[in-house]
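Worksheet: one structure, shown below.
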Amino acid sequence: MTSPTFWLTMLAMGLITYGIRLSMILLLGRVALPDAAQRALRLVPPAVLSAIIFPEILRPAGAWDISPGNPRLLAGLIAALVAWRTKNALLTIGVGMAALWALQAII
Amino acid sequence: MRAPTPSSEFLAGVKAELPILLGVAPFGMIYGALAMTAGLPVAMAQAMSSVVFAGSAQFIAVQLISNGAPALVLLLTTFVVNIRHMLYSASVAPYLRGLRPGWKWLLAYLLTDEAYAVAILHYQQADEAHAPATLSPCHPVTLSPCHHHWYLLGAGLALWAIWQLCTAIGITLGAAVPPSWSLDFALPLTFIALLAPVLKDRPAAIAALAAGGVALIGAGWPYKLGLVAAALAGIAAGAAADQRARRSARSPVRVTLSGSAAQHSPQRDASEGSGHGAGDASAQATGLSMTEQMRPLSRVTTQHSPRQDASEGPGHGAGDASAQATGLGMTEGTRPLQR
């Protein structure tokens with residue numbers, strides 16, 4: 001790919017991304033969604049966040065690793081516990097990273 | 001409660017986003033370093049962080065470019081990888097309805113996973129804080145200014161700034177970012193931190209489990225299709241659970257003996273289908289005929305319908321219904337809902 005093609009491609013990527021983000025904000029901005037759809041949208045955050053988290057922890061890079069020998073799994077579980085208990089994002093990330101480093105040193 | 005002002009909301013958004021920035025920062029740096037390894041020109045690597053402004057898409061794009069992928073593949077991949085943002089867009093759209101176009105265009109640009117997650121939680125909490133029977137001055141139906149969009153702006157701008165900065169740092173440090181530090185783990189940790197407060201009720205938990213399961217199955221699929229499938233599966237499963245809970249709240253079948261009323265109240269904020277509990281409690285407490293019994297419940301439900309763009313959870317409506325229907329210590333039931 002030549003340099004101008006690179007830049008044009010990147011611009012197109014940006015427009016696609018932006019278009020996706022803007023799409024529903026514009027489309028649904030004038031229309032009142034039916035109740036059922038509204039209620040379904042409330043489930044977007046737990047669904048998408050889980051969809052991102054589960055593979056990262058349990059199947060890093062595509063390979064299943066549910067063994068206790070997976071430091072990320074244990075660190076992730078510890079972090080999940082902290083998140084659930086404290087609802088504190090800073091603590092969750094801090095404890096999670098610390099747990100990972102500690103486990104990597106041990107395992 | 002003090003009325004929110006634009007600046008208080010903006011600062012609150014930034015503040016809420018700060019811990020998230022901690023998780024995103026390493027990711028940005030790794031992207032910058034990766035872009036250099038892949039041979040991207042510095043200007044392009046940096047520009048992508050503002051032109052595209054989507055972490056996972058940027059990562060995948062860099063790898064595709066270094067593998068010599070044609071432009072069409074890049075575009076298709078970008079589209080599929082980022083399609084989940086359409087869900088964010090749809091989910092946040094009702095809250096942005098009264099805003100001028102300029103706001104919508106700007107906020108859409110800033111709608112990343114992390115900014116969205118923090119903001120949607122804020123919007124939902126704002127919904128729950130308003131008692132349904134009263135129209136507070138800050139209300140989605142009247143479109144009175146709540147300034148919550150400033151919160152999203154704050155969170156979004158904070159993330160944008162960190163992303164540009166960390167991209168630059170990553171580009172500068174290049175290979176000097178040690179992979180042995182496992183800094184990439186900070187991002188899934190961030191998402192774990194974002195997920196916890198969102199698991200408020202049973203439909204949400206079911207949505208999360210279903211999505212997680214499908215995501216695990218589809219983890220190997222190309223173009224992150226597994227993620228999209230998982231998100232849709234999770235939404236479907238959660239919506240089904242939500243429907244079931246609502247239907248049993250309205251069904252005139254349940255008559256249980258006394259004692260269960262007390263049992264249900266403390267469980268209100270636990271992941272029970274709250275509508276379910278209200279149906280039980282009000283059935284016992286008044287001893288009216290079932291149809292009369294359920295009428296207050298359905299009246300409240302229809303009251304809520306025009307306000308569904310406030311996206312109230314099922315538990316909220318049911319809690320009020322039981323308070324009306326029984327007048328007993330059912331107000332205890334509503335307390336957990338009002339934070």
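Here are the numbers:
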| quantity | calculated |
| --- | --- |
| Residue within the stretch A:71-78 that is assigned to a helix (DSSP H, G or I), at positive phi, at pLDDT below 90 and more than 8 Å from every other protein chain (Cβ to nearest Cβ) present | no |
| Among the residues listed as B:A233, B:A208, the single one being buried (at least 23 other Cβ atoms within 10 Å of the Cβ), modelled with pLDDT of 85 or more, more than 26 Å from B:A33 (Cα to Cα) and within 8 Å of chain A (Cβ to nearest Cβ) | B:A208 |
| In the stretch A:8-47, the residues that are surrounded by fewer than 20 Cβ atoms within 10 Å (Cβ to Cβ), assigned to a helix (DSSP H, G or I) and among the charged types (D, E, K, R) | A:D35 |
| Residue ranges of helices (runs of 4 or more DSSP H) in the stretch B:44-112 with at least 2 members more than 7 Å from chain A (Cβ to nearest Cβ), surrounded by fewer than 16 Cβ atoms within 10 Å (Cβ to Cβ) and at pLDDT 90 or above | B:71-82, B:101-109 |
| Filtered residue count, the stretch A:26-47, keeping only those that are farther than 13 Å from B:G238 by Cα, within 7 Å of another protein chain (Cβ to nearest Cβ) and at pLDDT 90 or above | 1 |
| Per-region count, the stretch B:24-43, residues over 29 Å from the mean Cα position of the chain (by Cα) and either more than 10 Å from chain A (Cβ to nearest Cβ) or closer than 14 Å to B:W160 by Cα (or both) | 8 |
| Scope the stretch A:82-100; condition surrounded by 15 or more Cβ atoms within 10 Å (Cβ to Cβ) and of a type outside the set (S, T, Y); matching residues | A:V82, A:A83, A:N88, A:A89, A:L91, A:I93, A:G94, A:V95, A:G96, A:M97, A:A99, A:L100 |
| Of the criteria (1) within 9 Å of another protein chain (Cβ to nearest Cβ); (2) surrounded by 24 or more Cβ atoms within 10 Å (Cβ to Cβ); (3) of a type outside the set (S, T, N, Q), which one B:K224 fails | (1) |
| Selected residue [modelled with pLDDT under 90 and of a type in the set (G, A, S)] from A:S3, A:S50, A:S23 | A:S3 |
| Residue in the stretch B:10-18 that is surrounded by fewer than 17 Cβ atoms within 10 Å (Cβ to Cβ), modelled with pLDDT under 90 and not aromatic (F, W, Y) present | no |
| Subset tally (residues that are more than 17 Å from B:A16 (Cα to Cα), aliphatic (A, V, I, L, M) and either in a helix (DSSP H, G or I) or modelled with pLDDT of 90 or more (or both)) for the stretch A:84-107 | 9 |
| Subset of the stretch A:66-76 (residues that are surrounded by fewer than 16 Cβ atoms within 10 Å (Cβ to Cβ) and in contact with a helix residue (DSSP H, G or I) (Cβ under 8 Å, 6 or more places away or on another chain)) | A:I66, A:S67, A:P68 |
| Candidate set from the stretch B:211-221 (those that are hydrophobic (A, V, I, L, M, F, W, C) and more than 7 Å from chain A (Cβ to nearest Cβ)); member that is nearest to B:Y88 (Cα to Cα) | B:V214 |
| Set B:L187, B:L135, B:L143, B:L183: member being modelled with pLDDT under 90 and either in contact with a Lys or Arg (Cβ under 9 Å, 6 or more places away or on another chain) or not hydrophobic (A, V, I, L, M, F, W, C) (or both) | B:L143 |
| Condition met for A:I107 (touching a Pro at 6+ places or on another chain (Cβ under 7 Å) and farther than 23 Å from B:E17 by Cβ) | yes |
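The values are calculated or read from the model by the stated rules, or taken from the named source; none is laboratory data. Values in this document were obtained by computation on a predicted structure and should not be read as measured data. Cβ sites come from the backbone with ideal geometry, for glycine too, and all protein chains shown count toward neighbours.
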